[in-house]
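> Here's a structure for you.
The values are calculated or read from the model by the stated rules, or taken from the named source; none is laboratory data. Every value quoted in this text rests on a predicted model; they were computed, and no experiment measured them. Here the Cβ is made from the backbone with ideal geometry for all residues, glycine too, and neighbour counts use every protein chain on show. Side chains are part of the model used for accessible areas, which takes the heavy atoms of the whole protein and leaves out ligands, DNA and RNA. Shrake-Rupley method; radii C 1.70, N 1.55, O 1.52, S 1.80 Å.
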Amino acid sequence: QVQLVESGGGLVQPGGSLRLSCAASGDTMTIYTMGWYRQAPGKQRELVAAQTSGGSTSYANSVKGRFAISRDNRKRTVYLQMNSLNSEDTAVYYCNADIWSRSDGRTNNYWGQGTQITVSS
């Protein structure tokens, strides 16, 4: 059973920084694209950043230059470094990944449980 477990959310002041982590656990697996989405109250879930297994990255325009995605394939972990946070970054952040697992022999899309980030003074 594949699971994505996130950590690192919380309350931060405007201009501050946070780092999110998301680790995949379970059976033998191959992880393809990993990414972060967020959903603010009353808004649709949106892509924040993603990174392919080959290392290519993409970012939402609203976070370019402030956020950085990275991954450690040996640890099956993806990170999101968030700098210069502002109130518009307040949302629940979700980890997402495309993972092939030996247990069912196919690639599925998985979501983490979500972690709240609140930017406020």
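> Ignoring ligands, DNA and RNA, please state the percent of accessible area on the chain from carbon and sulfur, probe 1.4 Å.
The computed percentage sits at 44.
> Once you have a ≥ b ≥ c as the square roots of the Cα gyration tensor eigenvalues for segment 30-100, tell me rounded if a/c is under 1.5, and otherwise prolate or oblate according to whether a/b is larger than b/c.
Judged from the Cα gyration tensor, segment 30-100 comes out prolate (a/c at least 1.5, a/b above b/c).
> Let me ask something else. On each of the three principal axes of the Cα atoms of the chain, give max minus min coordinate, whole Å, ordered largest first.
So the extents along the principal axes, rounded to whole Å, are 47, 25, 23.
> Also, I was wondering about something else. In nm, give the distance between the simple-model label positions of Gln13 and Trp100, each being 7 Å from the Cα along the Cα-to-Cβ direction.
Distance between the two pseudo-spin positions: 4.9 nm.
> How high is the relative contact order of the chain, in percent, with contacts defined as C-alpha pairs under 8 Å that are six or more residues apart?
36
> Something else about it: Within the chain, what percent of beta bridges assigned by DSSP are antiparallel, to the nearest 5?
95
> Could you calculate the FRET efficiency of Thr107 with Gln81 from 1/(1 + (r/R0)^6), where r is the beta carbon distance between them and R0 is 25 Å, rounded to 0.05?
Computed FRET efficiency for Thr107 and Gln81: 0.40.
> Further, regarding this structure: How much accessible area does Ser25 have with a 1.4 Å probe, in Å² rounded to the nearest 10?
For Ser25, solvent-accessible area is about 50 Å².
> On to the next question. So how much accessible area does Tyr59 have, in Å² to the nearest 10, using a 1.4 Å probe?
Probe radius 1.4 Å; accessible area of Tyr59 about 60 Å².
> Heavy atoms only, probe 1.4 angstrom, no DNA, RNA or ligands counted: give me Met29, Met34 ranked by accessible area, highest first.
Ranked list, largest accessible area first: Met29, Met34.
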